[in-house]
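The values are calculated or read from the model by the stated rules, or taken from the named source; none is laboratory data. Just so you know, these numbers come straight off a predicted model, no measurement behind them. All Cβ positions, even for glycine, are placed from backbone atoms using ideal geometry, and neighbour counts span all protein chains on display.
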């Protein structure tokens, strides 16, 4: 079976078992639900892709619970997790669906039980640093001691996911590390949530307000770089835009005008992707366009550049590595 058929088969299986699973959970028989359906759910999701995971959380919204198809924070899996979620049935009073772990309504009430050790998240201490478009985060917990460095790093990531939600972690958190000792003047997970939400508000797109942020700096070779980028510049924001088309133009070469080219690029992309960054390095301008590979947008951009005599490249880039130097 191809990917689409495997996704369809998974949701057909789910459709036959979602009701009985919800009934067990509604009756408070969580252990029986996990014992009965946990292995089956894992088995059928692995038939889509063994690298995917799942999570079931209570939901305060219209549906009682959310089934999350998780990429485990791995950018290269996020497009697939999104496609699986898009194949889900419509939400009902029992179930809604997501491809990112949602933030907990009350992270301070959450307790992790790992290898016989209880870690209450209300005891977590957090240090953060504002990096303008992202926030670097350090996490310490008084019960990190028995765990290896790798385990502490995984626990720190899970704690921040609970506080912020996985999508916000991917888009707004830069470096994330487990600390070996308490930080000076720390905050808790709710304090981190408030600060990251404040950072997000700097870049919220509003009507009649430009969605672009301007950055500039000096490269390793001494050349001045100027760029306009859409923030957040990360695959988690639009995981289905897996193909990048890069168009370049010399600004000292006469016509066409760069503003005219950019307008034509937008028309060629239409609703099938986004122009996510415009970089100017000396007299060279580069437009970075991310588009859905299942549409004609990439070919339209190639045709546009060819007609204008502009250098152009198209490549698969599901992790948005091509623009990582601008993020």
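Residue 57 meets the conditions (1) part of a helix (DSSP H, G or I); (2) within 23 Å of the chain's Cα centre (by Cα); (3) touching a residue at least 40 places away in the same chain (Cβ under 8 Å) in every case but one. The failed one is (1).
Checked against the criterion of being in a loop (DSSP other than H, G, I, E, B), touching a residue at least 60 places away in the same chain (Cβ under 8 Å), within 22 Å of the chain's Cα centre (by Cα) and under 18 Å from residue 324 (Cβ atoms), segment 207-230 contains not a single residue that satisfies it. Condition check for residue 69 on (1) outside any helix (DSSP H, G or I); (2) under 28 Å from residue 175 (Cα atoms); (3) in contact (Cβ under 8 Å) with a residue 40 or more places away in the chain: one failure, at (3).
Against the test of being in the same structural domain as residue 148 (by TED's automatic domain parsing) and assigned to a strand (DSSP E or B), the options 183, 177 yield a single qualifying residue, 177. Within this structure, residue 129 fails the test of being assigned to a loop (DSSP other than H, G, I, E, B) and either surrounded by 20 or more Cβ atoms within 10 Å (Cβ to Cβ) or outside the structural domain of residue 82 (by TED's automatic domain parsing) (or both).
Determine if segment 75-91 includes at least one residue that is part of a loop (DSSP other than H, G, I, E, B), under 30 Å from residue 321 (Cβ atoms) and outside the structural domain of residue 176 (by TED's automatic domain parsing). Walk me through it before giving the result.
So the first thing to find is which residues in segment 75-91 are part of a loop (DSSP other than H, G, I, E, B), and the list is 87-91.
Next cut, under 30 Å from residue 321 (Cβ atoms) only: 87-88.
Next, from what is left, pick out any that are outside the structural domain of residue 176 (by TED's automatic domain parsing): 87-88.
Yes.
Are any residues in segment 107-124 over 22 Å from the mean Cα position of the chain (by Cα) and either buried (at least 18 other Cβ atoms within 10 Å of the Cβ) or assigned to a loop (DSSP other than H, G, I, E, B) (or both), and if so, which ones? If the condition is that a residue be over 22 Å from the mean Cα position of the chain (by Cα) and either buried (at least 18 other Cβ atoms within 10 Å of the Cβ) or assigned to a loop (DSSP other than H, G, I, E, B) (or both), then 110, 115, 116, 119, 121, 124 are the ones that fit. Every listed requirement among (1) surrounded by 13 or more Cβ atoms within 10 Å (Cβ to Cβ); (2) more than 18 Å from residue 84 (Cβ to Cβ) is met by residue 39 save one, (1).
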